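Inspection log for the structure reproduced underneath, given as structure tokens.
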Amino acid sequence: MENAINLNEQLTLVTKNVIDSICGIKNIPEGLLPHTVFVEEVNSKGAPFYRKYQMVDMDRVDGNCIVYDKAAGFQDEISLQAVNIDWLITFWKRYLELSGEEEPMPKTLCVFLFPKERFDRNATDEEIIADYQADQEQDLCVEKYTPDEFAAIINDNGINYQEYFTRFINY
């Protein structure tokens with residue numbers, strides 16, 4: 001049962017990431033809406049079934065969408081979470097196709113070492129990342145490692161703790 005919970009949590013995170021991406025769309029490209037989506041509902045006998053809708057509009061601030069069932073002449077505002085994840089992904093891929101944008105790279109946990117001589121311990125993640133990306137010619141630069149690389153450095157005693165602060169950042 002432990003794996004089922006873990007998989008459910010993973011699905012919840014994927015769904016949240018897809019919905020966050022959809023809600024982050026700044027401009028709806030022409031031809032994206034209306035878009036076919038399916039929503040799992042329950043019939044009068046208590047059995048689940050998928051109802052086909054046309055998503056005709058979105059409220060990206062609240063994470064909702066307006067759906068229309070042409071056959072029933074029914075329109076409603078529902079949460080994007082109610083839409084089947086496969087159709088949310090289909091919608092997202094269509095957005096990428098129409099907008100010409102590329103899929104953003106997923107963020108991963110990274111270890112940043114940032115020099116004490118140039119940063120406060122409470123420096124913001126943004127300051128640390130900006131310095132890392134600036135590729136400056138400093139004696140002590142911001143360094144980025146995977147957790148495994150960082151563990152190897154620690155295990156091999158290859159870090160001078162007197163010169164660097166350490167921060168874990170999703171990057």
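The values are calculated or read from the model by the stated rules, or taken from the named source; none is laboratory data. Given the structure is predicted, the values throughout are model-derived calculations rather than measurements. Virtual Cβ from ideal backbone geometry, glycine too; neighbours counted across all protein chains shown. Ligands, DNA and RNA are excluded from the accessible area calculation, which covers all protein heavy atoms including side chains. Shrake-Rupley method; radii C 1.70, N 1.55, O 1.52, S 1.80 Å.
Of 76, 69, all but one fail to be more than 25 Å from residue 107 (Cα to Cα), of a type outside the set (A, V, I, L, M, F, W, C) and without any contact (Cβ under 8 Å) to a residue 12 or more places away in the chain; the exception is 76. When 19, 25 are checked against the criterion of being β-branched (Val, Ile, Thr), under 29 Å from residue 169 (Cα atoms) and in a loop (DSSP other than H, G, I, E, B), 25 stands alone in meeting it. Would you call residue 47 small (Gly, Ala, Ser), at pLDDT 95 or above, open to solvent by less than 60 Å² (accessible area, probe 1.4 Å) and not assigned by the TED database to the domain that holds residue 152? Yes. Which residue is surrounded by the most Cβ atoms within 10 Å (Cβ to Cβ), if the candidates are limited to the stretch 83-111 and must be under 18 Å from the mean Cα position of the chain (by Cα) and of a type in the set (A, V, I, L, M)? Across the stretch 83-111, the extreme among qualifying residues is 83.
Of everything in the stretch 64-82 that is loosely packed, with under 12 Cβ neighbours inside 10 Å and of a type outside the set (A, V, I, L, M, F, W, C), the residue that is farthest from the chain's Cα centre (by Cα) is 73.
Of the residues screened, residue 12 is not one that is open to solvent by less than 100 Å² (accessible area, probe 1.4 Å), touching a residue at least 40 places away in the same chain (Cβ under 8 Å) and either touching a Gly at 6+ places or on another chain (Cβ under 8 Å) or of a type in the set (Ser, Thr, Tyr) (or both). As for the stretch 112-122, it holds no residue that is assigned by the TED database to the domain that holds residue 25, at pLDDT 95 or above and surrounded by fewer than 11 Cβ atoms within 10 Å (Cβ to Cβ).
Across the stretch 60-119, the number of residues qualifying as among the small types (Gly, Ala, Ser) and assigned to a helix (DSSP H, G or I) comes to 2.
Residues of the stretch 123-171 being assigned to a loop (DSSP other than H, G, I, E, B) and open to solvent by less than 40 Å² (accessible area, probe 1.4 Å), which ones?
Hits for the stretch 123-171 are 123, 140, 142, 159.
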